[in-house]
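The values are calculated or read from the model by the stated rules, or taken from the named source; none is laboratory data. Computed from a prediction, not measured in an experiment: that's the story for all the values here. Methodologically, a virtual Cβ is constructed for each residue, glycine included, from the backbone with ideal geometry; neighbour enumeration extends over all protein chains shown. Side chains included, ligands, DNA and RNA excluded: accessible areas come from the protein's heavy atoms. Shrake-Rupley method; radii C 1.70, N 1.55, O 1.52, S 1.80 Å.
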Amino acid sequence: MKGVHLLVAFLLLVLSSSYVFAFDPSPLQDFCVAINGSKDGVFVNGKFCRDPVLVTADDFSFSGLNIPRNTTNQVGSNVTLLNVDKIPGLNTLGISLARIDFAPYGGLNPPHTHPRATEILVVLEGTLYVGFVTSNPNRLITKVLNAGDVFVFPIGLIHFQFNIGNTNAVAFAALSSQNPGVITIANAIFGSNPPINPDVLVKAFQVDKNVVNYLQKQFWVNNH
């Protein structure tokens with residue numbers, strides 16, 4: 001009987017721990033405006049906190065998100081991410097925001113993941129084909145979104161957005177982390193520094209080594 005109690009206690013501990021560490025920790029004060037140095041600051045959640053007496057409205061604001069971004073790159077999209085590095089007041093608050101601009105038909109926010117955040121996206125203009133891939137056995141879940149439609153991308157899963165309309169498209173996304181991180185799949189696999197051993201990729205993708213060498217020589221654009 002004692003063993004059963006210990007097992008139940010262990011399972012409860014595991015479940016509670018996984019919940020606690022799944023997202024940014026809850027703040028212990030009203031705010032913790034991030035600063036780069038340690039002078040007059042306290043280190044909290046990856047950033048030093050500014051003295052609250054010195055905090056201003058500018059620490060909590062950003063201007064210009066209404067301005068269309070340049071999408072003349074190889075993937076035809078541009079992501080403007082407002083995380084803790086852009087708005088210091090986001091530190092410890094567990095949220096960030098992104099504007100995503102897409103060129104007419106073909107503008108793509110390539111398959112990528114956010115290791116620390118769930119994303120909820122709303123389309124303001126245009127028509128997007130969006131989707132994500134589940135963990136093994138890798139089910140693809142997709143939908144076509146029009147202006148006013150909303151879609152959720154679960155934390156850590158590979159996802160994408162593709163403009164299938166003939167006009168520019170714009171979307172906004174909220175993410176459940178002050179610093180969600182992004183791993184663009186193609187860039188990470190074929191554009192890492194230093195490069196992954198080609199033999200690893202040949203085996204993994206079951207392709208000729210010349211294909212791997214070609215892909216590793218390409219310039220992998222960063223649309224963020």
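Observations
- Condition check for Pro180: open to solvent by 40 Å² or more (accessible area, probe 1.4 Å), over 17 Å from Val75 (Cα atoms) and touching a residue at least 12 places away in the same chain (Cβ under 8 Å): no
- All positions within the range 54-85 that are out of contact with any Ser or Thr (no Cβ under 8 Å at 6 or more places or on another chain), surrounded by 15 or more Cβ atoms within 10 Å (Cβ to Cβ), touching a residue at least 40 places away in the same chain (Cβ under 8 Å) and not small (Gly, Ala, Ser): Val75, Val79, Asp85
- Residues located in the range 124-141, provided they are touching a residue at least 12 places away in the same chain (Cβ under 8 Å) and either among the small types (Gly, Ala, Ser) or exposed (fewer than 12 other Cβ atoms within 10 Å of the Cβ) (or both): Gly126, Gly131, Ser135
- Within the range 201-224, the set of residues being aliphatic (A, V, I, L, M) and farther than 19 Å from Leu108 by Cα comprises Leu201, Val202, Ala204, Val207, Val211, Val212.
- Tally of residues being of a type outside the set (Lys, Arg) and assigned to a loop (DSSP other than H, G, I, E, B) across the range 58-85: 18
- Verdict on Val144 being open to solvent by 50 Å² or more (accessible area, probe 1.4 Å), touching a Leu at 6+ places or on another chain (Cβ under 9 Å) and among the β-branched types (Val, Ile, Thr): yes
- Looking across Phe205, Phe190, one residue alone is open to solvent by 40 Å² or more (accessible area, probe 1.4 Å), out of contact with any Cys (no Cβ under 6 Å at 6 or more places or on another chain) and aromatic (Phe, Trp, Tyr). It is Phe205.
- Qualifying residue in the range 86-106 (condition: modelled with pLDDT of 95 or more, of a type in the set (Phe, Trp, Tyr), open to solvent by less than 80 Å² (accessible area, probe 1.4 Å) and farther than 15 Å from Ala174 by Cα): yes
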